[in-house]
Amino acid sequence: MSVLDEVLSANDRYAAEFGERSELTLPPARRFAILTCMDARLDPAKYAGLTEGDAHVIRNAGGRASDDAIRSLVISYKLLGTREWFVIHHTDCGMEFFTNEIMRDLCGQSLETAKLGEDGFTDVGSGGGSPEAKFIDWLTVDDPEQSVVDDVARIRAHPLVPGRIPIYGYLYDVKSGKLLDVPGATAAGRPTE
Ligand SMILES: [Zn+2]
């Protein structure tokens with residue numbers, strides 16, 4: 001079975017038992033949002049106990065406070081009423097294994113999937129790359145705790161983010177499933193009004 005068939009048949013089963021979920025309203029019932037990494041090992045619904053309709057979950061590579069993540073967070077409170085936010089990065093994040101320079105170099109060489117070995121990523125393609133990667137800030141991670149602190153601080157300082165919203169910063173441990181407190185981040189995210 002192809003991935004497409006698997007997904008569509010899983011969706012058939014889900015929709016067959018949809019039931020009262022058809023009555024859910026648009027604003028998240030528990031009035032909070034989570035910004036987290038797209039890493040396939042992380043399931044925010046499970047690690048944070050969410051069900052449909054509960055909360056906004058914004059995901060990108062690294063769970064970084066990019067301009068687009070902030071766009072979503074602003075919509076989340078301004079139009080849909082969330083009142084508390086979490087920034088949750090994680091241990092063993094793929095964003096730690098490369099830099100802007102490496103990504104730009106890899107994409108410049110080819111569009112094949114690079115290989116991850118002991119010495120980091122290496123390109124296995126033969127030509128056909130693009131210099132476009134030079135124009136993107138890949139928002140890589142040097143130090144996972146520091147990236148949570150930086151992102152919480154960036155969101156806290158943003159002129160479209162009201163001081164009343166607490167922003168909590170955590171690292172999810174991929175070996176235990178636990179959310180590890182990042183004290184500097186939660187301090188940086190304290191409400192200011
Ligand atoms: Zn990650």
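The values are calculated or read from the model by the stated rules, or taken from the named source; none is laboratory data. None of these values were measured; they are calculated from a predicted model. Every residue, glycine as well, gets a Cβ built from its backbone with ideal geometry; the counts of neighbours run over all protein chains shown. In case anyone asks, the SASA skips ligands and DNA or RNA and just uses the protein heavy atoms, side chains included. Shrake-Rupley method; radii C 1.70, N 1.55, O 1.52, S 1.80 Å.
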Practice item. Taking every pair of alpha-carbon atoms in the range 7-57, give the share separated by more than 18 Å as a whole percent. Key: 47
**Study point:** Computed FRET value (nearest 0.05) for ASN100 with VAL7, which takes r as the C-beta separation and R₀ as 41 Å
**Key:** 0.80
Point to revise | Accessible surface, the chain, averaged per residue in Å² (probe 1.4 Å) | key: 61
**Study point:** Relative contact order computed over the chain (Cα-Cα under 8 Å; 6+ residues apart), in percent
**Key:** 19
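Using only the Cα atoms of the range 42-86, build the gyration tensor, take square roots of its eigenvalues as a ≥ b ≥ c, and label the shape rounded, prolate or oblate: rounded if a/c is under 1.5, else prolate if a/b is larger than b/c, else oblate.
The shape class here is oblate.
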Exercise for review: Could you please state how large a percent of the accessible area of the chain is carbon and sulfur, counting protein chains only and using a 1.4 Å probe?
Suggested key: 54
Study note, to complete from the structure: The orientation-averaged projected area of the Cα convex hull of the chain, in nm², is 13.7
Revision key, fill the gap. By the Kirkwood definition, with r running over pairs of different Cα atoms, the range 81-193 has a hydrodynamic radius in Å of 16.0
Check your understanding: Tell me, what does the Kirkwood hydrodynamic radius of the range 42-126 come to in angstroms if you use every pair of distinct C-alpha atoms?
Key -> 15.6
Practice item. With both partners inside the chain, how many of the DSSP beta bridges are antiparallel, as a percent to the nearest 5? Key: 25
